[in-house]
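The next block holds one structure in the form of structure tokens; read it before the comments.
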Amino acid sequence: MGKHRSTDHTGGATRAIEALTAAGVTFTIHEYEHSSDARFFGEETVAKLGVDPARTFKTLMVRLNTGEFVIGCIPVLEHLSMKLIAHAAGAKNAQMAEPAVAQRRTGYVVGGISPLGQTTEHRTFVDESCLDHETMLVSGGRRGLSVELSPLDLIELAGAEVADLKAQEWRY
């Protein structure tokens, strides 16, 4: 049974935390006071927790041209490549899911969508850069709540595939 190290948390367990606890993996809870005027949730997490943005991942939902919805997890300061996630999922193209659809399908609010404990299971893809880190942070299932865990544990628990998902910016 893995250790669960926690800060004082007042919001109760989320489905993501319940999934981690049930799996017996080691994870750490990180909480901060979410600002209601924050629009970039990943950037808020990095700023308020003082963590490395390269190992802090956001969870995004896309709709493939096949109609399937899939999850992509990428570092918070990066952009998800629609071409790369479509390719990883065996589709021709993809587009971001509407926020209301993502909320309904995952059971989480935007800014608090976790790759773990979703109400509907989705194929999940995690950017390969996660393997560069001993631990990574993902949403714990609500705004202001992150969980830190081994990338290998996340991949196993989410049934995720590892792929190159980051959009490349061209600079002239």
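The values are calculated or read from the model by the stated rules, or taken from the named source; none is laboratory data. Note that the structure is a prediction, hence the values are computed from the model and not measured. Positions of Cβ are backbone-derived with ideal geometry, glycine not excepted, and every protein chain shown enters the neighbour counts. For the accessible areas, the whole protein counts, side chains as well, though only heavy atoms, and no ligand, DNA or RNA atoms are used. Shrake-Rupley method; radii C 1.70, N 1.55, O 1.52, S 1.80 Å.
Some points to look at:
- Each peptide in 57-64, 43-50 receives the mean, over its residues, of other Cβ atoms within 10 Å, and ordering these scores from highest gives 57-64, 43-50.
- Pairs of lysine residues in the chain that meet both criteria, 8 or more places apart or on different chains and Cα atoms under 28 Å apart, total 10.
- Estimated from helical segments only, the mean residue ellipticity of the chain at 222 nm is -6500 deg cm²/dmol, where each DSSP H run of four or more residues counts as -39500 (n - 2.57).
- Per-residue SASA entry for Thr119, accessible area with 1.4 Å probe, Å² rounded to 10: 80 Å²
- Cα Rg, Dmax (largest Cα-Cα span) when computed across region 42-102, Å: 12.9, 39
- Cα principal axis extents for the chain, largest first, Å: 45, 36, 32
- Annotation: for a label point projected 7 angstrom from Cα along Cα→Cβ of Glu156, residues of region 11-28 with backbone N closer than 19 Å are 16-28.
- Using only alpha-carbon positions in region 86-172, the gyration tensor eigenvalues give semi-axes of 20, 19, 14 Å once each is multiplied by 5 and square-rooted (largest first).
- Computed over protein heavy atoms with a 1.4 Å probe, the accessible surface of region 115-172 works out to 52 Å² per residue.
- Here the contact order of region 1-160, divided by its residue count and restricted to Cα pairs under 8 Å and six or more residues apart, works out to 27 percent.
- The loop-placed GluC sites (Glu not before Pro) in region 108-172, going by DSSP, that have at most 15 neighbouring Cβ atoms within 10 Å of their Cβ come out as Glu121, Glu134, Glu169.
- Carbon plus sulfur fraction of accessible area for the chain, probe 1.4 Å, in percent: 49 percent
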